[in-house]
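Asks: Okay, handing you the structure first.
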Amino acid sequence: MRILLILPMIALAGCLASRMHSIQAQGTDSSSSRFDLAPRLSPTAFEQSATMKDSSVHEDPSLLKAGVSRDKISAALGTPNQINNHGGQEQDVYEFNPDGSKFVKPKTYARNIAAGVFTGGIATVVHQARIHHTEQQLTVYHLTYGPDGTVQSVQKESRRNTSHDGNAQD
C-alpha cells in the first residue's frame with residue numbers, strides 16, 4: 001500500500017526537478033510560463049513537442065556569424081533554446097536538427113506523467129531515450145554578444161558526425 005503512495009510522490013518530484021532545470025536552462029524566456037496555456041495547448045505546440053522540430057525556422061549560417069545584430073538573429077530564428085550569462089556577456093544557444101529545422105525540447109504534459117506511471121516507467125525511459133538520440137544529432141550554435149548587441153563570437157558544435165564505436169573519422 002505504501003508503494004502506491006510513494007510512486008506519485010516520486011513522479012511529482014521528478015517533474016518538479018525537470019521543470020526547475022528547464023526554467024534555469026531557458027534563462028529569462030517568458031514563453032516558458034506554466035500558467036500561459038495558450039502557447040502550450042495550441043496545435044502547433046503539440047506538433048512541435050511530438051516532432052521536436054519548429055519547421056518554420058531553419059538554420060541560416062549567413063546570420064550565425066560575428067557582426068550580426070541580436071535583433072536580426074532573433075527576428076529570423078526566434079527565441080534561443082537557451083540564454084546564458086557568462087561573466088557579464090550574454091550568450092544565446094540555438095539548436096538545429098539535421099534537416100535544418102530548429103530543435104524544440106518537448107514539454108512535460110500530464111499525459112507523459114500518466115503514461116510513465118501506468119507503464120511502470122517504460123514510457124518515460126523510451127521518451128527520454130528518444131530525446132537523447134535526437135539531441136545527439138543536433139548542430140548547436142553558441143553566440144556571444146558584445147556590449148553593442150552584435151555577435152562577438154560564434155562556436156559551432158556539430159554532434160552529427162561523432163562515432164560511438166571508437167573509430168574516429170576525419
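The values are calculated or read from the model by the stated rules, or taken from the named source; none is laboratory data. Bear in mind that the values here come from a model prediction, so they are computed numbers and not experimental data. Please note: Cβ atoms are built from the backbone with ideal geometry, for glycine as well, and neighbour counts cover all protein chains shown. Side chains are part of the model used for accessible areas, which takes the heavy atoms of the whole protein and leaves out ligands, DNA and RNA. Shrake-Rupley method; radii C 1.70, N 1.55, O 1.52, S 1.80 Å.
Asks: Given (1) modelled with pLDDT under 55; (2) assigned to a helix (DSSP H, G or I); (3) of a type outside the set (Val, Ile, Thr), where does ARG40 come up short, assuming only one miss?
Replies: (1)
Asks: Please work out which residue is farthest from ASN97 (Cα to Cα), limiting yourself to region 59-87 and to residues that are assigned to a loop (DSSP other than H, G, I, E, B), of a type in the set (A, V, I, L, M, F, W, C) and open to solvent by less than 50 Å² (accessible area, probe 1.4 Å).
Replies: Going through region 59-87, the residues assigned to a loop (DSSP other than H, G, I, E, B) turn out to be 59-68, 78-81, 87.
From the residues that got through so far, the ones that are of a type in the set (A, V, I, L, M, F, W, C) too are 63-64, 66, 68.
Checking the rest, the ones that are also open to solvent by less than 50 Å² (accessible area, probe 1.4 Å) come to 63-64, 68.
Details: LEU63: 17, LEU64: 15, VAL68: 22 Å.
Once the filter is applied, the top-ranked residue is VAL68.
Asks: Next up: Report whether or not SER158 is loosely packed, with under 14 Cβ neighbours inside 10 Å and either more than 15 Å from the chain's Cα centre (by Cα) or of a type in the set (A, V, I, L, M) (or both). Lay out the reasoning, then the answer.
Replies: Details: loosely packed, with under 14 Cβ neighbours inside 10 Å: yes; either more than 15 Å from the chain's Cα centre (by Cα) or of a type in the set (A, V, I, L, M) (or both): yes.
Answer is yes for this residue.
Asks: Continuing with the same structure: Give me a count of the residues in region 53-76 that are in contact with a Phe, Trp or Tyr (Cβ under 6 Å, 6 or more places away or on another chain) and either hydrophobic (A, V, I, L, M, F, W, C) or without any contact (Cβ under 8 Å) to a residue 12 or more places away in the chain (or both). Lay out the reasoning, then the answer.
Replies: Start the filter on region 53-76 by keeping residues that are in contact with a Phe, Trp or Tyr (Cβ under 6 Å, 6 or more places away or on another chain), which leaves 59, 64, 70.
With either hydrophobic (A, V, I, L, M, F, W, C) or without any contact (Cβ under 8 Å) to a residue 12 or more places away in the chain (or both) added as a condition, the list becomes 64.
Residues in region 53-76 being in contact with a Phe, Trp or Tyr (Cβ under 6 Å, 6 or more places away or on another chain) and either hydrophobic (A, V, I, L, M, F, W, C) or without any contact (Cβ under 8 Å) to a residue 12 or more places away in the chain (or both): 1 in total.
Asks: Which of the residues that make up region 112-135 are within 30 Å of GLU90 (Cα to Cα) and open to solvent by 50 Å² or more (accessible area, probe 1.4 Å)? Walk me through how you get there before you give the answer.
Replies: Taking region 112-135 first, the residues within 30 Å of GLU90 (Cα to Cα) are 128, 131-135.
Within region 112-135, GLN128, HIS132, HIS133 qualify.
Asks: Look through region 88-107, keep the residues that are surrounded by 15 or more Cβ atoms within 10 Å (Cβ to Cβ) and of a type in the set (S, T, N, Q), and return whichever of them is farthest from GLN128 (Cα to Cα).
Replies: Here is the first cut: in region 88-107, the residues surrounded by 15 or more Cβ atoms within 10 Å (Cβ to Cβ) are 90-97, 101-107.
Next, from what is left, pick out any that are of a type in the set (S, T, N, Q): 91, 97, 101.
Numbers: GLN91: 27, ASN97: 17, SER101: 20 Å.
Per the criteria, the residue is GLN91.
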